[in-house]
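Remarks on the structure that follows.
Here, each number is a calculation from the coordinates, and none is a lab measurement. In this text the structure is predicted, and so the values were computed from the model without any measurement. Virtual Cβ from ideal backbone geometry, glycine too; neighbours counted across all protein chains shown.
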Amino acid sequence: MLAVFSNRKRFSDLSEQEVLALAISSEEDDARIYRGFAERLRADAPGTAQVFEAMAAEEDGHRRRLIERHQQRFGEVIPLIRREHVSGFYARRPMWLAENLPLEKMRTLAAEMESQAERFYRMAAARTADAETRKLLGDLAAAEAGHEKKAEALEGRHLDDETRAEEDASAHRQFVLTWVQPGLAGLMDGSVSTLAPIFATAFATQDPWTTFLVGLAASIGAGISMGFTEAASDDGQLSGRGAPWKRGLASGVMTALGGLGHALPYLIPHFWTATVIALVVVFVELWAIAWIQNRYMETPFFRAAFQVVLGGALVLGAGILIGGG
């Protein structure tokens, strides 16, 4: 019903020529996405890049067959119709989003793309009266259904167990460098550096609302500062640490969250209740930092816990002493 009020066509209203045109543009888009994946992975995961190159070549073959059929039935002029012109039609991620996916997400997205294409061709074949066109669309549906097996065969050809393990390890290292490391640095800075001003204010004023405002300002200010500092410190080209905006986002958000964790309890109007809850939150934050260090940075857990808890306790103690004095 909503399609009536939009400028999109319903799939059921498309002519056979428009269905062929839609299939042609969809194959072009899919081939472009696969080649984008291949280009993105060529340096770090060359085996998987070859798999995506081969899948793009398959889509090119489908496109040529569809164009030939269009020429035979409708001539040389192909109507301009794309997925976004059809109401309810499956959409693809924008290229700039798709190319920045992690390796495993790229593989998952490729499987989803093949499944969606298969459903489209089966629906298109069911609506086509021309025998040759129906056969072509049915063959393409079967080909898309078989692409998952073909992808597995291509992976077997280009990706032995050792190569795949190396690529997965490389993708994990990139995830750690781009997201975990800056995020962890931000969480540590936000959780520890804001302890002194927040608890100094708390014990100096014993006013929960004032303490919350100081904590909010300190957390957001630290988050903005850490985010810009991380983004400006390294463009990621030589270090391989990833896009500056990703690292800056991870660092800034986690810094702010680290400070807000023990500032938010001061929304409670009762001072000692808010303070006890804030201290519990601080304890959880510090142990979470130790766990992340152990999980992703391979730091022995008890050493990480000792360093983080000791440092946090010293800063917390300084804040309480200064505020209480």
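Maximal additional length on extending the residue 224-residue 80 stretch stands at 47.3 nm, based on 0.36 nm per residue less the C-alpha distance. Full extension of the segment from residue 112 to residue 207, taken as 0.36 nm per residue of separation minus the current Cα-Cα distance, would add 28.7 nm.
Ordering 116-124, 16-24 by mean Cβ neighbour count within 10 Å, with the highest value first, yields 16-24, 116-124. In terms of packing, defined here as the mean over residues of other Cβ atoms within 10 angstrom, the peptides 179-188, 288-297, 32-41 line up highest first as 179-188, 32-41, 288-297.
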